[in-house]
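Only the coordinates and a few stated rules stand behind these numbers; no lab work does. No experiment lies behind these values; they were computed from the predicted model shown. Ideal geometry is used to build each Cβ from the backbone, glycine not excepted, and the neighbour counts take in all protein chains shown.
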Amino acid sequence: MDIAALSMAVSSVNTQSAYGVAMLSKSLDQADSTGAQIVGMMDAAAMELSVNPHIGGNIDISI
């Protein structure tokens, strides 16, 4: 059994695993940020409705 090759293989697997965890962490942070922005937009829409409740409530369509 070649100890050097085994050590290199284990090191490679550890590096790939650390990279995967880092990428997952970044994608979770991005999803959290996007969710916070969506909540902020929903709050802004609710604020607009409280200021102008008649806007967007009815649609008049004539053919």
So for the pair VAL21, ILE63, with labels modelled 7 Å out along Cα→Cβ, what separation do we get in nm?
6.3
Using the Cα gyration tensor of the chain, the equivalent ellipsoid's semi-axes, largest first and to the nearest Å, work out to 57, 13, 4
Do the sum for the chain: with -39,500 (n - 2.57) for every DSSP H run of n ≥ 4, divided by all residues, what is the mean residue ellipticity at 222 nm, to the nearest 500 deg cm²/dmol?
-29000 deg cm²/dmol
